[in-house]
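What follows is a short report on a single structure.
The values are calculated or read from the model by the stated rules, or taken from the named source; none is laboratory data. Everything numeric in this text was worked out from a predicted model, so none of it was measured. Cβ: placed from backbone, ideal geometry, glycine included. Neighbour counts: every protein chain shown. Only protein heavy atoms, including side chains, enter the accessible area calculation; ligands, DNA and RNA are left aside. Shrake-Rupley method; radii C 1.70, N 1.55, O 1.52, S 1.80 Å.
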Amino acid sequence: MTGTKSGRTIEVNDVEELLSRNNAAKVIDVRTPAEYEAEHIPGSYNIPLDKLPEHKTEVAQIIQGPVILVCRSGVRAEQAAKIFQTTSLAQFHVLQGGINAWKQAQKPVNRGKQIWSMERQVRGFAGSIVLLSVLGSFFIWRPLALLAGFIGAGLTYSALTDTCGMALLLSKLPYNRAVNCDVRDVVKQLRIAE
């Protein structure tokens, strides 16, 4: 485990060790409900990153032991750790490499309906807009190339701020909202588990 300003990163094998020696430890997956439904660590709880700010205090008051924050690669889990810094939660960790690292280490995963991850959706959507606007600027209307520049600027801003407005918008689409997460139910489950 290594320290970061937003908590501590934890390796896959350390997660297993922590879970085996401390049954109060909880795994919170901060991906979208659809991503969680597609695959998640057995026994984990889904609290999407966009819903965490309004429930952070309640969750922090319930959980007595360490928390392992998980997303696809670790980026959203780092953002969740920053949110938890403002609470009474005493111990939280970010799974380094996220569920990708967990799967690469051949650890167990519960699988459901498969969908594209939010990061893959953003790449596909942004890439399609850029490609179509560049092609359209050659064959239809030259100013369409400006749309490609706008998307490029948005992606650059996203990288610099470690946020993604396009992911936020895509998460609102019916495709991504078909699976829902009622955080109140998750909080009840956490309360029972404590």
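Taking the inverse of the average 1/r across all pairs of different Cα atoms in the range 31-120, what Kirkwood radius in Å do you get? Working shown, then result.
Values: mean 1/r = 0.0743 Å⁻¹.
After inverting the mean inverse Cα-Cα distance, the result is 13.5 Å.
Taking K and R as +1 and D and E as -1, what net charge do the other residues with C-beta under 13 Å from the C-beta of Arg184 add up to? Spell out each step's value before the answer.
Working: positive: Lys51, Lys188, Arg191; negative: Glu54, Glu58, Asp182, Asp185.
Summing Lys/Arg as +1 and Asp/Glu as -1 gives -1.
Using all Cα-Cα distances in the chain, what percent lands in each 5 angstrom bin from 0 up to the longest?
Binned Cα distances yield the sequence 1, 7, 15, 18, 18, 15, 10, 6, 4, 3, 2, 1, 0.
Rg/Rh for the range 10-56: what does it come to with C-alpha atoms and Rh from Kirkwood? Let's see the in-between values first.
Working: Rg = 11.9 Å, Rh = 11.7 Å.
Result: Rg/Rh = 1.01.
Report in % the part of the accessible area of the chain that belongs to carbon and sulfur, leaving out ligands and nucleic acids; probe 1.4 Å.
Exposed carbon and sulfur together represent 57 percent of the surface.
With a 1.4 Å probe and every protein chain left in place, work out the accessible area per residue of the range 100-142 in Å², rounded to a whole number.
73 Å²
Given a 1.4 Å probe and heavy atoms of the protein chains only, how would you sort Phe138, Phe84, largest accessible area at the top? Numbers along the way, then the final one.
Working: Phe138 135, Phe84 0 Å².
Per-residue accessible area, sorted high to low, gives Phe138, Phe84.
For the range 86-178, what is the largest minus smallest coordinate of the Cα atoms on each principal axis, given in angstrom and ordered from greatest to least?
55, 34, 26
How much length is gained if the chain between Phe150 and Leu135 is pulled fully straight, taking 0.36 nm per residue apart and subtracting their Cα-Cα distance, in nm to one decimal?
3.9 nm
How large is log10 of I(q)/I(0) for the range 86-135 at q = 0.26, 0.27, 0.28 Å⁻¹ when the intensity is taken from the Debye formula with one equal scatterer per alpha-carbon?
Debye intensities relative to I(0), on a log10 scale: -1.01, -1.03, -1.06.
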